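A quick write-up on the structure given underneath.
The values are calculated or read from the model by the stated rules, or taken from the named source; none is laboratory data. Computed from a predicted structure; not experimentally measured. Cβ coordinates were reconstructed from backbone atoms using ideal geometry, including for glycine residues, and neighbour counts include every protein chain displayed.
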């Protein structure tokens, strides 16, 4: 399967953004290198952050590790069969309070920025990322002994693309479908 699937955009985008997509068909034999993993985490580290608070933490689990199996166990039943083939799973964790204990209302926004940066760097490294919301955050918190102010928000499956047929009928059609988004007119509420 080709790792490049261009979006039909209304305006030209840089290649890294235009080519980015979220496969489920990961190569279960390919391994992410330590250098690639470090590069994508470094991109997340340097993402913008309100007041430079940097309220993001990550649980990084590579395939074959106990942590990887633990993260897989938190995933919704429909995500487990394909996510288990990823080279790594990264749980994005929001730090929801300041060091003084005040609620930090930008935590999830800042975490999202970090995940976006991670995703673009991963694509530059020849990897693909599929972000997953279908998981059990409470179970992840328990498995990794997270304090109450550390809230798991998402899981990112990272790896190399494989043939869509390995997914079976349930997901293969979605894997090969034309990429689409709402139009700009549908998402821009006001522009002047």
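Consider the stretch 121-139 and keep the residues that are within 10 Å of the chain's Cα centre (by Cα) and surrounded by fewer than 19 Cβ atoms within 10 Å (Cβ to Cβ). The one that is farthest from residue 77 (Cα to Cα) is 131.
Looking at this structure, is residue 159 surrounded by 20 or more Cβ atoms within 10 Å (Cβ to Cβ) and closer than 17 Å to residue 37 by Cα? When the stated conditions are applied, residue 159 passes them.
Is it the case, given these coordinates, that residue 154 is modelled with pLDDT of 95 or more and farther than 22 Å from residue 55 by Cα? No; evaluated as a whole, the condition is false for this residue. Looking only at the stretch 1-57, residues that are at pLDDT 75 or above, surrounded by 14 or more Cβ atoms within 10 Å (Cβ to Cβ) and part of a loop (DSSP other than H, G, I, E, B) come to 11 in all. One residue stands out among those in the stretch 80-100 that are closer than 20 Å to residue 147 by Cα and without any contact (Cβ under 8 Å) to a residue 40 or more places away in the chain: the one that is surrounded by the most Cβ atoms within 10 Å (Cβ to Cβ), which is 99.
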